[in-house]
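Everything below concerns the one structure shown next.
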Amino acid sequence: MEKLGEKKYWSPYLAGACAGLVLVLSVWFTGKYFGASTSFVRSVGLLENAISPERVSQMDYFIKTTPKIEWQWMFVFGIFIGSLLASRLSGTFKMQAVPEMWRNRFGPRISTRAIVAFLGGLVAMFGARLAGG
Amino acid sequence: MTTQLIYGLVTGILFGFFLQRGQVLRYDKQIGALRLMDMTIFKFMLTAILVGSVGIYLLKDLGLVKLSIKSTILGGTIIGGLIFGLGWGLLGYCPGTSMGAVGEGRWDGIWGLLGMLAGAAIYAEAYPLMKRTVLTWGDLGKITVPGILGISHWIVIPLFMLAVVGLFFWFEKKKL
């Protein structure tokens, strides 16, 4: 029988249960709940700080959400590392510019995908922030 | 502070590992869920919520953890949710999964990450206006389902669990 560690993909139920367990342990040991969006605010605040610190220091939103690297920022960066590790170990890492479903419908052009993905990210983040996520 | 950063990194690595193994980081799976063709994302998410709610409420009852309840503001949640869904459908990744997608080589996630930075910058500009308008509409405060119903969370959680497991059986039957 194949060992779990060698299996390319897991059942989403098992992977989800493991993720839930990580959340419980995180809340238990460090009091931290999971999130990602706030880190984008902090990151863009750090970038704007490099250009105009006076302006950033007066903006309500950056006063509320200080531009700095903290627990959640490292958590989001960790997702990148964890995914890289998991995909490398299972041989499922694949450099891909355009997802299959997109390619089948809209073709292989990178620029089309880039523009829509950028706009999508912009809109999604605005909505997430408004909803408090 | 440094300890907190290391905890954040380790927690993120574990979470990212399981996201990747569950195939949750794929555009095809996320759009598949929005097109009601593939329920992988929901299976992962709902199982994580079930384990999380049982574990965290158990620890809370033992006095070991505190809940982190956000205010429910209907204006922000409903309008923000609609806007988020539109963007999610265009991008095919959410904020955390964009990062994870890049980790497994699906580098179109980078466009999404850049867009999100732009979106965060725009929201920071719009925040004073939002605070005066949308974020004052329907502010219900820090509510929970057991709180509104006035019953124990140990009634709500098993009922929720039952509903979710029923949904899972239906997904499997329909091969979604």
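Just so it is clear, none of the values below were taken in a lab; they were calculated from the coordinates. Everything numeric here is computed off the predicted structure, so don't read it as measured data. Using ideal geometry, Cβ is built from the backbone for each residue, glycine included, and neighbour counts are taken over all protein chains shown.
Results, tabulated for the structure shown:
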{"read-out": "Where trypsin sites (Lys or Arg not before Pro) fall in DSSP loop in region A:69-103, at most 15 other Cβ within 10 Å", "value": "A:Lys94"}
{"read-out": "Whole-Hz couplings from phi, Karplus 6.51/-1.76/1.60, listed for region B:45-55; x for Gly and Pro", "value": "5, 5, 5, 4, 5, 4, 4, x, 5, 5, x"}
{"read-out": "Within a Gaussian network of chain A (alpha carbon springs, distance under 10 Å), most fluctuating of A:Met59, A:Met101, A:Met74", "value": "A:Met101"}
{"read-out": "Filtered trypsin sites (Lys or Arg not before Pro), region B:6-111: DSSP coil and at most 16 other beta carbons within 10 Å", "value": "B:Arg35, B:Lys66, B:Lys70"}
{"read-out": "Cα shape, the protein assembly as shown, gyration tensor, a/c 1.5 rule", "value": "rounded"}
{"read-out": "Rounded, prolate or oblate (a/c below 1.5 giving rounded, otherwise prolate when a/b exceeds b/c) for chain B by Cα gyration tensor", "value": "rounded"}
{"read-out": "Region A:26-69: C-alpha gyration tensor shape, a/c 1.5 cut-off, then a/b vs b/c", "value": "prolate"}
{"read-out": "Mean-position separation - Cα centroids, region A:64-112 and region B:131-160, in angstrom", "value": "33"}
{"read-out": "Cut-off under 5 Å, modelled amide H: who pairs with B:Thr72 long-range", "value": "B:Leu140, B:Gly141, B:Lys142, B:Ile143"}
{"read-out": "Chymotrypsin sites (Phe, Trp or Tyr not before Pro) within region B:127-176, DSSP loop, no more than 13 other Cβ atoms inside 10 Å", "value": "B:Trp137"}
{"read-out": "Taking B:Ile31, A:Ile69, A:Ile81 and counting other C-beta atoms within 10 Å, the order from fewest to most", "value": "A:Ile69, A:Ile81, B:Ile31"}
{"read-out": "Cβ-defined net charge surrounding B:Val156, 14 Å radius [Lys, Arg +1; Asp, Glu -1]", "value": "0"}
{"read-out": "Net charge, B:Gly115 excluded, C-beta distance under 14 Å - Lys, Arg +1, Asp, Glu -1", "value": "+1"}
{"read-out": "Dipole of the protein assembly as shown, positive direction: furthest Cα of A:Tyr13, B:Leu64, A:Phe29, with charges on the beta-carbon", "value": "A:Tyr13"}
{"read-out": "Residues B:Asp139, B:Asp28, B:Asp108, sorted so that the one with the fewest Cβ neighbours within 10 Å comes first", "value": "B:Asp139, B:Asp28, B:Asp108"}
